[in-house]
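See structure below.
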Amino acid sequence: MSSTLYELLTEITTELPGWLHTSVVDRETGMSLASLSQGDPLEAAGADAFHSDLYRMTAALLEGLPLGDQADSMVLSSQRATFVSVPMADMNYLWLVVTERRMTVGFTQALMRKHQARIEESVRALLH
């Protein structure tokens, strides 16, 4: 049985203690297809837009360097939270997960790798 993107994000948050926000974001516009947040919706939307800007700036930087043409993932840390985002294969979307600082980046990345194919499948189903 296939899950909607929202249901899938909800399921994943149950496996991630300390989650604060998760979303699938259009890399060009910064708008989310689906989003779950424990905080202020405006702050969550701001985080989504900020990460889409980061991906665009990083892509512009990588074009001029012999390091590849796209970031495989991005990790941003603040005093309160850790932001991990990964691009979706062959789509102009990224998946963002924000956790409390007590969560390790490795655990968050491992969980994201575990579910990335399902997230991508759900996004494709939503778009078609």
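For segment 10-33, enumerate the residues that are within 14 Å of Ser122 (Cα to Cα), touching a Leu at 6+ places or on another chain (Cβ under 7 Å) and without any contact (Cβ under 8 Å) to a residue 40 or more places away in the chain.
Thr10
Is there a residue being crowded, with 16+ Cβ neighbours inside 10 Å, over 22 Å from Arg102 (Cα atoms) and either in contact with a helix residue (DSSP H, G or I) (Cβ under 7 Å, 6 or more places away or on another chain) or of a type in the set (S, T, N, Q) (or both) anywhere in segment 38-47? Quick ask: steps written out before the conclusion?
Our first condition is that a residue be crowded, with 16+ Cβ neighbours inside 10 Å; within segment 38-47, this holds for 44-45, 47.
Going one step further and asking which of them are over 22 Å from Arg102 (Cα atoms), we end up with 45.
Those still in the list that are either in contact with a helix residue (DSSP H, G or I) (Cβ under 7 Å, 6 or more places away or on another chain) or of a type in the set (S, T, N, Q) (or both) too: none.
Scanning segment 38-47 turns up no residue that is crowded, with 16+ Cβ neighbours inside 10 Å, over 22 Å from Arg102 (Cα atoms) and either in contact with a helix residue (DSSP H, G or I) (Cβ under 7 Å, 6 or more places away or on another chain) or of a type in the set (S, T, N, Q) (or both).
Condition check ((1) surrounded by 15 or more Cβ atoms within 10 Å (Cβ to Cβ); (2) modelled with pLDDT of 90 or more; (3) over 21 Å from Leu8 (Cα atoms)) across all residues:
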site	(1), (2), (3)
Leu61	no, no, yes
Gly64	no, no, yes
Asp72	no, no, yes
Ser77	no, yes, yes
Val98	yes, yes, no
Arg101	no, yes, yes
His115	yes, yes, no
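Matching residues to (1) in a loop (DSSP other than H, G, I, E, B); (2) touching a strand residue (DSSP E or B) at 6+ places or on another chain (Cβ under 7 Å):
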| site | (1), (2) |
| --- | --- |
| Leu33 | no, yes |
| Asp53 | no, no |
| Met57 | no, no |
| Leu62 | no, no |
| Asp90 | yes, no |
| Thr108 | no, yes |
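If the Cβ limit is 6 Å and pairs must be 6+ apart or interchain, which residue in segment 36-61 that is closer than 17 Å to Ser78 by Cα pairs with which residue that is of a type in the set (Val, Ile, Thr)?
Filtered contacts from segment 36-61: Asp48/Val25.
I'd like the full set of residues that are of a type outside the set (Val, Ile, Thr) and more than 11 Å from Trp95 (Cα to Cα), limited to segment 4-20.
As a first pass, look at segment 4-20 and keep what is of a type outside the set (Val, Ile, Thr): 5-9, 11, 15-20.
Result: Leu5, Tyr6, Glu7, Leu8, Glu11, Glu15, Leu16, Pro17, Gly18, Trp19, Leu20.
The values are calculated or read from the model by the stated rules, or taken from the named source; none is laboratory data. Owing to the predicted nature of the structure, the values given are computational and were not obtained by experimental measurement. Positions of Cβ are generated from backbone atoms using ideal geometry, with glycine treated the same way; all protein chains shown enter the neighbour counts.
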